[in-house]
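Inspection log for the structure reproduced underneath, given as structure tokens.
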Amino acid sequence: MNTINTADAVVRNISTAVEEVRKQNPLVGSWTNFVTINLVANAQLAVGGRAAMCFLPDEAEPLAFVSKSIYVNVGTLQPIACQSLPAAAKAAAEANKPWVLDPVAAGLGDTRTSVLKDLKQYKPTIIRGNASEIITLANLWGLETEIKGKVEGVDSTDTVREAASSALKLAEYTGGAVAVSGEIDLILNSEKAYYLTGGSEMLECITGAGCSLGGVMAVFAAVTDALTAALTASVFYKAASDKAVSGGKIGTFSFQTAFVDYLSLLTPSDIAEYSEKHLTLQECD
Amino acid sequence: MNTINTADAVVRNISTAVEEVRKQNPLVGSWTNFVTINLVANAQLAVGGRAAMCFLPDEAEPLAFVSKSIYVNVGTLQPIACQSLPAAAKAAAEANKPWVLDPVAAGLGDTRTSVLKDLKQYKPTIIRGNASEIITLANLWGLETEIKGKVEGVDSTDTVREAASSALKLAEYTGGAVAVSGEIDLILNSEKAYYLTGGSEMLECITGAGCSLGGVMAVFAAVTDALTAALTASVFYKAASDKAVSGGKIGTFSFQTAFVDYLSLLTPSDIAEYSEKHLTLQECD
Amino acid sequence: MNTINTADAVVRNISTAVEEVRKQNPLVGSWTNFVTINLVANAQLAVGGRAAMCFLPDEAEPLAFVSKSIYVNVGTLQPIACQSLPAAAKAAAEANKPWVLDPVAAGLGDTRTSVLKDLKQYKPTIIRGNASEIITLANLWGLETEIKGKVEGVDSTDTVREAASSALKLAEYTGGAVAVSGEIDLILNSEKAYYLTGGSEMLECITGAGCSLGGVMAVFAAVTDALTAALTASVFYKAASDKAVSGGKIGTFSFQTAFVDYLSLLTPSDIAEYSEKHLTLQECD
């Protein structure tokens with residue numbers, strides 16, 4: 001592992017991404033679940049993006065057209081999702097807009113499995129999930145030689161390190177970035193892998209930390225490359241969650257408020273500084 | 001333009017509307033989008049109304065029956081919306097209950113366009129949107145002689161003043177009120193037009209400020225005429241947002257909390273006083 | 001009526017349930033409405049459970065399989081709910097997992113009535129509703145000799161005491177517990193009935209207090225019997241709401257934040273102490 005310092009390009013890229021989003025206010029179109037849809041939108045707005053959410057296939061093309069990037073989350077599927085989500089991914093791919101896939105609860109239910117298989121062909125720019133979701137997705141996409149991992153609802157029962165080889169296979173297939181969220185985050189593309197420490201475990205005590213992280217990755221993907229976007233969002237989340245608990249013990253909803261507040265208040269240099277302390281580079285095998 | 005003073009009937013009407021809602025706690029039935037549905041309900045409750053939300057056509061009549069007014073928002077449409085939203089508007093119209101139309105992202109997607117065209121015949125009591133949505137709706141309803149305006153997701157790319165003539169045409173067609181939300185709000189019917197200044201730009205940093213404003217207009221429409229209801233809700237929003245930032249710089253979720261708090265805490269005389277300062281009357285051409 | 005004291009088994013059972021949920025973090029699968037789905041999940045997480053939400057029939061079995069209990073709420077129905085909600089209840093019953101029914105706005109719309117009738121055969125472990133919903137459900141399930149009660153949206157227009165005989169009939173039919181929420185809560189099974197006082201009326205000023213209470217009952221049903229689960233959640237809600245207003249007048253969203261905070265912060269002994277003060281036992285007739 002190599003530690004990161006301020007002089008490193010990655011820190012400058014992250015800091016620049018934070019600045020650019022605040023300048024450009026890119027519109028991100030999202031196809032996401034009902035539990036956390038409000039938090040996704042508010043997190044996207046907090047970091048400086050703009051948000052629009054759709055559910056119908058006929059909205060895939062116009063939404064991709066007006067958006068700078070697209071976020072697709074397979075939670076709380078409705079019947080129409082079998083048409084809408086592939087249409088959304090296809091529209092993004094054809095319009096050359098980056099898109100982020102969040103394979104929430106991958107493996108649970110036949111519809112979800114079918115939708116996730118359909119999405120494979122559109123090669124997401126970024127895939128973000130917990131360890132179990134990443135492992136399951138690599139299985140579903142036929143990228144693993146043997147079946148691994150286990151799924152229990154929306155929570156991971158595997159560790160981030162156990163998901164590292166699946167994440168790499170996904171990145172090699174898509175040519176984009178993959179982010180595995182957990183106590184330590186793993187963010188990689190086919191050439192470089194970063195581990196990210198820090199962050200408060202209170203993020204697990206509110207719903208939507210994962211979904212909104214994916215939504216925020218789509219915001220940063222509107223202004224920078226896949227790996228930098230995934231890193232910037234991940235660092236932002238760890239940093240804001242740490243700040244939110246810096247005053248001591250706190251209830252879960254006060255934490256949520258403080259956390260989103262810091263998404264809106266942390267500066268490019270705050271994020272750069274946090275990156276230096278918490279990011280470590282590991283060359284891929 | 002004429003300035004407003006306390007003696008003016010409009011200020012008394014606004015103040016009375018605030019009082020009456022707190023006394024009567026009118027039930028408002030809403031057909032609204034998934035992103036902001038929770039904020040719509042909580043804003044309606046905060047000002048003193050009660051909230052019930054539906055999505056199915058067979059609920060249109062019973063919901064209109066038990067409600068004092070109806071709110072229809074075309075965001076995040078599902079396939080069933082093609083039947084449900086016209087049924088909701090029809091049920092309101094036939095039961096002589098006021099209803100508010102929020103043409104969110106008008107112009108985006110064929111389904112939305114089709115639903116909006118269907119709704120024309122039921123002549124909403126109040127139409128509330130941003131400038132682009134108001135212009136697009138006037139286009140869709142065939143009230144403009146030439147195509148104007150542009151749509152980008154849920155955000156306006158036109159100014160409120162650019163939407164003034166479209167708003168007037170809509171009001172002349174419906175016989176009700178039209179509210180164009182923006183940095184300065186324009187609220188009018190076919191006889192009178194008011195401009196409303198003030199309000200914090202932080203309202204743009206959370207999702208649902210517009211939707212919940214429409215939902216709150218429906219609350220006030222339950223106790224007063226269309227123009228007064230649209231004015232009262234608009235003044236309430238500007239006033240509560242100003243109060244929410246009166247302590248200085250604030251994160252976006254703390255702003256949201258403070259904003260809804262003030263919806264529940266501001267008094268009729270607070271709202272009357274704010275109206276005097278920020279409302280100006282302009283005779284229509 | 002008999003008062004409760006610390007020595008009583010019920011207080012120990014309640015206190016133990018709070019402890020066990022914090023230890024086991026049981027996963028609860030929910031089928032619930034769009035208005036309050038986020039609050040339901042966050043309330044379940046705050047007391048120590050984990051949350052997963054679904055809407056599709058093919059997810060009924062896998063969700064019941066990975067969950068310790070299931071929550072079914074009939075608010076904001078979509079067309080697919082006619083298949084999904086009975087499938088969810090059936091899967092829970094067949095997997096011997098406890099499940100909680102929340103008959104939101106029972107009586108409003110033909111679809112809702114049809115879904116509620118279908119659910120009868122799966123005998124919910126706990127039924128939670130306001131007085132009007134409980135009376136209407138007993139009517140719909142043919143347990144009343146004459147039609148009673150009235151429905152107006154999601155709010156009760158009957159009192160808890162008026163619903164007592166309906167609640168008992170439902171409990172005798174299901175063999176489980178029934179909770180009628182109101183100014184005073186009534187929680188009973190076919191053998192014992194408890195009245196619960198306390199709680200802030202601010203709970204009526206936010207949306208989802210009832211739904212999330214049902215969702216939290218499902219969390220406790222994962223670790224204890226039906227009656228104890230219904231009691232524990234009800235006491236928790238009254239206690240947390242009282243604490244949330246203990247500092248004086250408060251806006252509605254600050255109340256919501258403080259309320260969820262206390263769901264995450266109150267200890268088993270806080271809840272035991274509150275039970276002693278506010279629970280009274282009444283033998284059933």
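Read the figures in this text as sums done on the coordinates, not as results from a lab. Note that this is a predicted model, so its numbers are computed, not measured. Heads up, the Cβs are rebuilt from the backbone with ideal geometry, glycines too, and the neighbour counts pull from every protein chain shown.
Could you work out the helix-only [θ] at 222 nm for the protein assembly as shown, with each DSSP H run of four or more residues adding -39,500 (n - 2.57) and the total divided by the number of residues, to the nearest 500 deg cm²/dmol?
-15000 deg cm²/dmol
Eigenvalues of the Cα gyration tensor times 5, then square-rooted: what semi-axes does that give for the protein assembly as shown, in whole angstrom, largest first?
For the protein assembly as shown, the ellipsoid semi-axes come out as 37, 37, 25 Å.
Could you sort out which of A:LYS169/A:LYS243; B:LYS68/B:LYS243; B:LYS23/B:LYS117; A:LYS23/B:LYS123 sit more than 32 Å apart by Cα distance in this structure?
A:LYS169/A:LYS243; B:LYS23/B:LYS117; A:LYS23/B:LYS123
Report Rg (one decimal) and Dmax (nearest whole number) for the range A:40-168, counting Cα atoms only, units Å.
Values for the range A:40-168 (Cα only, Rg and Dmax): 14.6, 42 Å.
How compact is the range C:101-237 by the rule of thumb for globular proteins, expressed as Cα Rg over 2.2 N^0.38 Å?
For the range C:101-237, the normalised Cα radius of gyration comes out at 0.94.
Report the Cα centroid-to-centroid distance between the range C:192-251 and the range B:27-73 in angstrom, as an integer.
24
Check the straight Cα-Cα distances from C:LYS120 and name the aspartates and glutamates below 19 Å, setting aside those fewer than 8 residues away within the same chain.
Candidates past the 8-residue exclusion: C:GLU61, C:GLU94, C:ASP102, C:ASP110, C:GLU133, C:GLU144, C:GLU146, C:GLU172.
Take the eigenvalues of the Cα gyration tensor for the range C:20-116, scale each by 5, and report the square roots as semi-axes in whole Å, largest first.
Result for the range C:20-116: semi-axes of 22, 15, 10 Å.
In straight Cα distance, which lysines are under 18 Å from A:LYS238, not counting same-chain residues fewer than 8 positions off?
Partners found: A:LYS249, A:LYS277.
Quick one: with label points 7 Å out along Cα→Cβ, list the inter-copy distances for B:ARG12 in nm, shortest first?
Taking the point 7 Å beyond Cα along Cα→Cβ, the inter-copy spacings are 6.9, 6.9 nm.
Provide the net charge surrounding C:ARG22, with neighbours chosen by a C-beta distance below 13 Å and charges set as Lys +1, Arg +1, Asp -1, Glu -1.
Combined, the nearby Lys, Arg, Asp and Glu give -1.
Ratio of Rg to Rh for the range B:2-283, alpha carbon only, Kirkwood?
Result: Rg/Rh = 0.93.
Using the eigenvalues of the Cα gyration tensor, what equivalent ellipsoid semi-axes result for the range B:217-285 when each is taken as the square root of five times the eigenvalue, whole Å, largest first?
Over the Cα atoms of the range B:217-285, the semi-axes work out to 24, 14, 11 Å.
Under the convention of a label 7 Å out along Cα→Cβ, give the distances in nm from B:GLN83 to the same position in every other copy, shortest first.
Listed shortest first, these distances are 1.5, 1.5 nm.
If the label for C:LYS249 sits 7 angstrom from Cα along the Cα-to-Cβ line, what are its distances to the same label in every other copy, in nm to one decimal, shortest first?
Nearest first, the other copies' label points are 3.1, 3.1 nm away.
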